[in-house]
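Here's the structure, in structure tokens; my notes come after.
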Amino acid sequence: SVCMPTYMGANFIGAAIESVLMQTFSDFELIVIDDNSTDETELIVANYNDSRIRFLRNDRNLGPEGNWNRCLSEARGRYIKLLPQDDILSLNCLESQVAVLEADTDESIALVFCARTIIDPLGRNIMTRGYPRHQGGRISSRSAIRSSIRSGTNLIGEPGGVLFRMSLADKVGGFDASIGYIVDLDYWFRLLVHGDAYYLAEKLVSFRVSFGSWSFVIGNNQCTDFSRLIDRVAANPACDIDKTIFITGKVMARVNNLLRLLLYKFLQMRDK
């Protein structure tokens, strides 16, 4: 199940849908759930005549957390990917990630993630992000959580680059946006309590930085929210993380917040 939660997504949703329909792996459903938009999102989705697409529209606006969780409840596949309306999958994204989970017969891998390209609203490449100093392969859950905390950022990445089992989603429950900026990383950590991560070093998704996106709007709270996540992990004995890593993570979260805001400011000034 590729689930696409959308709100006022008319500008970019067509490219996102096409990137799914062009996948080399074709055994999927694409569920587009519109969170009561007032733009032309529904008309754009209706232009695609493909039986694998299922379009749903919320009677009222549920907000990101509610819409993401409706995606989980509507998914019928063995595996699930949440693809935001702004982002684009590479042609072999599903094929590569499904192959990892299919080979994991004892289901000891909680999620598979990949490197990604960061693009601007016009689709121009800004940078590449991946898991540092790793050529790909299995990463222990403890190492994946520790590394993300120490770096003060989400090393696993945005939802479009992650694939996980529906059975595990049923076990850990829904998304929790009470700590807004890291709603995805909070969920990855909850999945990783139940198994390891697997990293594909190939760039299999493009994450779009658009100034109207939810991730941009809440980005100003990055440092505070990441610190709150660290406190949540510290209180969980199952994570078993050294206290010095928590301190380092809070410092790095401040640094990353500054760098992020500087990048967005640069992009805004460049395109004026």
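In nm, what is the difference between 0.36 nm times the number of residues separating Glu102 and Ser178 and their Cα-Cα distance?
Gain in length upon complete extension: 24.1 nm.
Name the residues whose placed amide hydrogens come within less than 5 Å of the amide hydrogen of Arg138, ignoring near sequence neighbours (fewer than 5 apart) on the same chain.
Tyr199
Take every Cα pair under 8 Å in region 19-172 that's 6+ residues apart, average their separations, divide by the length, and report that relative contact order as a whole percent.
Worked out over region 19-172, it gives 27 percent.
Could you work out how much longer the chain between Leu43 and Leu262 gets when fully extended? Use 0.36 nm per residue separation minus the Cα distance between them, nm to one decimal.
Fully extending the segment from Leu43 to Leu262 adds 75.2 nm.
Nothing charged except the Cβ atoms of Lys and Arg (+1) and of Asp and Glu (-1): what's the magnitude of the dipole of region 47-110 about its Cα centre? Round to the nearest 20 debye.
Taking the Cα centre of region 47-110 as origin, the dipole is about 420 debye.
Unpartnered cysteines of the chain (Cβ-Cβ under 4.7 Å counts as a partner)?
Cys93, Cys114, Cys223, Cys239
Roughly to the nearest percent, how much of the accessible area of region 1-122 is carbon and sulfur, given a 1.4 Å probe?
After summing per-atom areas, the C and S share lands at 47 percent.
Would you work out which of Phe246, Ile44, Gly136 lies farthest towards the positive end of the dipole of the chain? Charges go on Cβ: Lys and Arg +1, Asp and Glu -1.
Phe246
How big is the C-alpha Rg of region 117-191 next to the rule-of-thumb value 2.2 N^0.38 Å, as a ratio?
In units of the globular-protein estimate, region 117-191 measures up at 1.21.
Would you calculate a helix-derived [θ] at 222 nm for the chain, using -39,500 (n - 2.57) for each DSSP H run of n ≥ 4 and dividing by the full residue count, to the nearest 500?
-12500 deg cm²/dmol
Pick from Ser141, Ser206, Ser26 the residue whose mean-square fluctuation is largest in a GNM of the chain, springs joining Cα atoms under 10 Å.
With Cα springs under 10 Å in the chain, the top fluctuation among Ser141, Ser206, Ser26 is at Ser26.
Over the chain, what is the relative contact order in whole percent, taking alpha-carbon pairs under 8 Å and six or more residues apart?
That works out to 21 percent.
Along each principal axis of its Cα atoms, how long is region 1-58 end to end? Whole angstroms, biggest number first, please.
Principal extents (largest minus smallest coordinate, Cα): 33, 19, 16 Å.
Tell me which of Asn154, Cys3, Leu56 sits at the most positive position along the dipole axis of the chain, charges placed on C-beta atoms (Lys, Arg +1; Asp, Glu -1).
Value: Asn154.
For labels at Asp50 and Thr244 in the simple 7 Å Cα→Cβ model, what's the distance in nm?
5.0 nm
The values are calculated or read from the model by the stated rules, or taken from the named source; none is laboratory data. All values reported here derive from a predicted model rather than from experimental measurement. Every residue, glycine among them, receives a Cβ derived from its backbone with ideal geometry; neighbour counts consider all protein chains shown. Accessible surface is based on the protein model in full, side chains and every heavy atom, while ligands, DNA and RNA are left aside. Shrake-Rupley method; radii C 1.70, N 1.55, O 1.52, S 1.80 Å.
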